[in-house]
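The values are calculated or read from the model by the stated rules, or taken from the named source; none is laboratory data. Predicted model, so just to flag it, every value in this text is computed and none were measured. Counting neighbours? That spans all protein chains shown, and the Cβs are built from the backbone with ideal geometry, glycine included.
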Amino acid sequence: MSYILKVENVVKSYNGNPALRGVDLHVREGSCFGLLGPNGAGKSTMMKIMTGILTPDQGEIELFGKSIRKESAAISRQVGYVPQEITLYEKLSAWQNLTFFGKMYGVRGEKLKERMKRVLGQVGLLERAGDAVGSYSGGMKRRINIAASLLHEPKLVILDEPTVGIDPQSRNHIFEMIRGLQRDGVTVIYSTHYMEEVEALCDEVAIIDHGAIVSQGGLRELLELHAIKAVYIETEGMVAAPSINGASHVRQEGAGWIVECERPMEMLGQLSRQYASSGRAVRALELMKPSLDSVFLKLTGTKLRD
Ligand code: ADP
């Protein structure tokens, strides 16, 4: 298997406080790799280290088969990194901002114009390109920031929580842009604390918590291995946790109960028969979709949004 990025045993502390505690990551070429974890887990620190902005206290990073310590300049020409902070000139138009960034990346002349049109189209802002960035919404600014990172046609794009605090329309544009990059064979590393985003976009995932990787692998594989299997039931007048044969755990969720069990299909049949004969009205009885939320809960003992 060909890996575009290998991170081996990376350790990083800030003033003696550990932010990363021996992180290993392997990112396959062409994948959309989600780095999923709660706020403060170490995602930004890891991304700054993999782009060479921060130096780790310990560990090795190999990008495109080369050590970033030894060949950082050559490597950075193939990487587009979008930090969380917006770095644009508010008084200049999007077009002028991109001209500036393009030159910084060494793209000039007709090639730069062609690339600017392409990336503005990718983020859905071609028609607003002449307007001052100061008049844009937060989501539009984020999209221009992303467009700037694509001007030099990077093979790897690293996005640090690109959807935090933005409108749903901008979020959809960013998702479409990422899907387009994937079709072009670009590898994407995407950090987020929203598990639904990883489920919607990524084929590979690493879950990070308190500076350590809890689990990583293919999305389907992780769900298969670790997602909690369960059935949801909501019935009339059920106030206390029902005792159910074969359930490993029963917990309240909204107006109903989540029944965790090894064989959810069998549980569905059992509950259906049990409640049909009890005469109590059943409002909902369904299989729970395997989710990364439950993977996180199972592996860390806490909810992702705690
Ligand atoms: P995430 O991106 O997952 O929210 P970060 O990498 O930003 O996590 O932070 C990981 C930990 O390191 C947190 O405890 C955070 O407070 C701390 N941290 C991050 N940047 C700095 C910094 N520049 N100085 C001191 N502590 C920092």
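Number of residues in the range 212-258 that are among the β-branched types (Val, Ile, Thr) and farther than 17 Å from Leu268 by Cβ: the value is 3.
In the range 182-207, of all residues being over 18 Å from Tyr3 (Cβ atoms) and more than 10 Å from the chain's Cα centre (by Cα), the one that is surrounded by the fewest Cβ atoms within 10 Å (Cβ to Cβ) corresponds to Arg183. Beta carbons closer than 6 Å, at least 6 apart along the sequence or on distinct chains, pair a first residue in the range 116-130 that is assigned by TED's automatic domain parsing to the domain that holds Ser170 with a second that is part of a helix (DSSP H, G or I) and among the basic types (Lys, Arg) for Val123/Arg143; Leu125/Arg143.
Can you name the residue in the range 1-33 that is of a type outside the set (A, V, I, L, M) and in contact with a helix residue (DSSP H, G or I) (Cβ under 6 Å, 6 or more places away or on another chain) and is also farthest from Leu63 (Cα to Cα) among such residues?
Here is the first cut: in the range 1-33, the residues of a type outside the set (A, V, I, L, M) are 2-3, 6, 8-9, 12-18, 21-22, 24, 26, 28-33.
Still in the running and in contact with a helix residue (DSSP H, G or I) (Cβ under 6 Å, 6 or more places away or on another chain): 12, 32.
Values: Lys12: 19, Cys32: 16 Å.
By that ranking, first place goes to Lys12.
With respect to being out of contact with any strand residue (DSSP E or B) (no Cβ under 7 Å at 6 or more places or on another chain), at pLDDT 95 or above and basic (Lys, Arg), Arg220 falls outside the description.
The condition (being surrounded by 13 or more Cβ atoms within 10 Å (Cβ to Cβ) and more than 22 Å from the chain's Cα centre (by Cα)) is satisfied by just one residue among Ala94, Ala41: Ala94. Residue pairs whose Cβ atoms lie under 7 Å apart, separated by 6 or more positions or on different chains, with the first residue in the range 34-47 and within 13 Å of Ile213 (Cα to Cα) and the second assigned to a loop (DSSP other than H, G, I, E, B) and within 6 Å of the ligand (Cβ to nearest atom), are Lys43/Gly37. Answer with yes or no whether Phe64 is over 30 Å from Ser294 (Cα atoms) and of a type in the set (A, V, I, L, M, F, W, C). Judged against the criteria, Phe64 is a match.
Can you pull out the residues in the range 57-95 that are among the β-branched types (Val, Ile, Thr) and either touching a strand residue (DSSP E or B) at 6+ places or on another chain (Cβ under 9 Å) or outside the structural domain of Ala129 (by TED's automatic domain parsing) (or both)?
Of the range 57-95, the ones among the β-branched types (Val, Ile, Thr) are 61, 68, 75, 79, 82, 86-87.
Answer for the range 57-95, where residues must be among the β-branched types (Val, Ile, Thr) and either touching a strand residue (DSSP E or B) at 6+ places or on another chain (Cβ under 9 Å) or outside the structural domain of Ala129 (by TED's automatic domain parsing) (or both): Ile61, Ile68, Ile75, Val79, Val82.
Of the strands (runs of 3 or more DSSP E) lying entirely inside the range 181-254, those containing at least 1 residues that are under 24 Å from Asn9 (Cβ atoms) and among the polar types (S, T, N, Q) are 187-192, 212-218.
When the range 1-20 is examined, which residues are found to be aliphatic (A, V, I, L, M), farther than 12 Å from Ile49 by Cβ and in contact with an Asp or Glu (Cβ under 7 Å, 6 or more places away or on another chain)? Quick ask: steps written out before the conclusion?
As a first pass, look at the range 1-20 and keep what is aliphatic (A, V, I, L, M): 1, 4-5, 7, 10-11, 19-20.
Still in the running and farther than 12 Å from Ile49 by Cβ: 1, 4.
Answer for the range 1-20, where residues must be aliphatic (A, V, I, L, M), farther than 12 Å from Ile49 by Cβ and in contact with an Asp or Glu (Cβ under 7 Å, 6 or more places away or on another chain): just Ile4.
Of Val27, Val107, Val10, all but one fail to be over 19 Å from the mean Cα position of the chain (by Cα), assigned by TED's automatic domain parsing to the domain that holds Pro162 and at pLDDT 95 or above; the exception is Val10.
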